[in-house]
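The values are calculated or read from the model by the stated rules, or taken from the named source; none is laboratory data. This structure is a prediction, so every number in the text was calculated from the model and none was measured. Counting neighbours? That spans all protein chains shown, and the Cβs are built from the backbone with ideal geometry, glycine included.
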Amino acid sequence: MNKLSTVDQAIAKIDDGMTLMIAGFLGCGTPETLIDAIVEKGTKDLTIICNDTAFPDKGIGKLIVNKQVKKVITSHIGTNPETGRQMNEGEIEVVLSPQGTIAEQVRAAGAGLGAVVTPTGVGTVVEEGKQTIEIKGRKYLIEEPLRADVAIINAHQADKKGNLVYNMSAVNFNPLMATAADTVIVEAEEIVEVGDLNPNFIHTPHIFIDMIVKGGQNG
Amino acid sequence: MDKHEIRRVIATRVAKEFKDGDLVNLGIGLPTLVANYVPGNIDVTFQSENGFIGMGPAPEEGQEIKNLTNAGGQPVTILDSAAFFDSSMSFTIIRGGHLDCTVLGALQVDAKGNLANWMIPGKKVPGMGGAMDLVTGAKKVIVAMEHTARGSVKILTECNLPLTAVGVVDIIVTEMGVMKVTDKGLVLTEYNPQFTIEDIQAVTEATLIIDENLKEMI
């Protein structure tokens, strides 16, 4: 099974109206080459699941600026004024959720769990409309898993079968999102032969990866 | 006091809360400065919620590493003891009670330890990022902030902005003093001798209980 793909082959998996997970933290560890290609193609009405909407000229922020996003589920939009502007104008739906909750919602989807039960957000607006449960005298929110049609992630190294190694603080949501989408596309800074990576230090096993694209240097 | 002196007083005092071996998360802005004032005789490990422990100071110009940033997206360095991990592990540390202390700013904080620091409806909605998890999970929550916002009070009887969490704050450190959140309300335990107790109460909506062992914070 050949997973090596061109950028065009990879983004052909992403249709208008799909739900897309995009990894990264303020652009660090985000697949910039894939995002640039989606911007150029103009895929629209996307629902994006991400940690933050980065900056207007970086990462996920570019999709927002180009008005390709109808809904974003995220923990922070403060570094991209355009997200706030579109939200205030009613052009985009923004669901703000705690960062640790999003991480676990993605993990839960990938791990086949039915919900995340978390104390974070109790007594705040995050609780509104959600089920709660009391366990051993403490109240928790029940948060549903988050899945996507496609996840696009960024790795430092990929072997040709899709084993991945990440670099420094560019790990963040990448290994989580690799488990929680129907199609997972990795943009790797370096693609190596099978066997070149030490099996003891693989972050994401190849079974999660569908397509491998050679990336630039991550913005 | 000028802005620089205000920040120095707050950061210096917050750093005294740390114990040898503590794992600490510092918020963006003023809390970040606290790292510069940790006493030399204790070993404190800093966590960055984007996914590592062992965070060091900002790099020299030209030494920035593309894949090494703090939770504000700024370039940082790491110590030899550093370890990187994904966001699930990061929030296992944060939410799971493995963090000894979190230091963050506030828009409002109140006498019950409620904290509001993530949005002003209709004006500013940056999002909560990791703040809700940090204050829910950390063993000690320290609010480090200027006592007022351009003259308007921030330490209230009850917060009126959307909350970050309910009843989580342990200590408030400002340039005017140190307040502990207790069942009875806010107890002023230390004060900056540049101000009188009356000065401090005048810019604090919540009624301050004066600690019987009240001392100077500097």
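Among the residues of segment A:74-90, is there at least one that is more than 22 Å from B:P121 (Cα to Cα) and either within 15 Å of the chain's Cα centre (by Cα) or of a type in the set (V, I, T) (or both)?
Residues of segment A:74-90 more than 22 Å from B:P121 (Cα to Cα): none.
For segment A:74-90, residues more than 22 Å from B:P121 (Cα to Cα) and either within 15 Å of the chain's Cα centre (by Cα) or of a type in the set (V, I, T) (or both): absent.
Within segment A:192-219, how many residues are buried (at least 18 other Cβ atoms within 10 Å of the Cβ) and of a type in the set (A, V, I, L, M)?
5
Could you check B:G127 against (1) crowded, with 23+ Cβ neighbours inside 10 Å; (2) of a type outside the set (V, I, T); (3) in contact (Cβ under 8 Å) with a residue 12 or more places away in the chain and say which number it fails?
Tallying (1) crowded, with 23+ Cβ neighbours inside 10 Å; (2) of a type outside the set (V, I, T); (3) in contact (Cβ under 8 Å) with a residue 12 or more places away in the chain, B:G127 fails exactly one: (3).
Looking at segment B:45-69 only, could you name the residues that are closer than 21 Å to A:L176 by Cα and within 8 Å of chain A (Cβ to nearest Cβ)?
First, pick out the residues of segment B:45-69 that are closer than 21 Å to A:L176 by Cα: B:47-53, B:67-69.
B:S48, B:E49, B:N50, B:G51, B:F52, B:N67, B:L68, B:T69, listed by residue number.
Confirm whether A:V186 is farther than 12 Å from A:A23 by Cβ, modelled with pLDDT of 95 or more and of a type in the set (A, V, I, L, M). Working first, answer last.
Details: farther than 12 Å from A:A23 by Cβ: no; modelled with pLDDT of 95 or more: yes; of a type in the set (A, V, I, L, M): yes.
Spelling it out, it is not the case that A:V186 is farther than 12 Å from A:A23 by Cβ, modelled with pLDDT of 95 or more and of a type in the set (A, V, I, L, M).
If the requirement is being over 15 Å from the mean Cα position of the chain (by Cα), surrounded by fewer than 21 Cβ atoms within 10 Å (Cβ to Cβ) and not polar (S, T, N, Q), which of these qualifies: A:K67, A:K71?
Working: A:K71 fails: over 15 Å from the mean Cα position of the chain (by Cα).
That would be A:K67, the only listed residue that is over 15 Å from the mean Cα position of the chain (by Cα), surrounded by fewer than 21 Cβ atoms within 10 Å (Cβ to Cβ) and not polar (S, T, N, Q).
Which ones in segment B:156-197 are of a type in the set (D, E, K, R) and part of a strand (DSSP E or B)?
At the first step, the residues of segment B:156-197 found to be of a type in the set (D, E, K, R) are B:158, B:170, B:175, B:180, B:183-184, B:190.
Within segment B:156-197, B:K180, B:E190 qualify.
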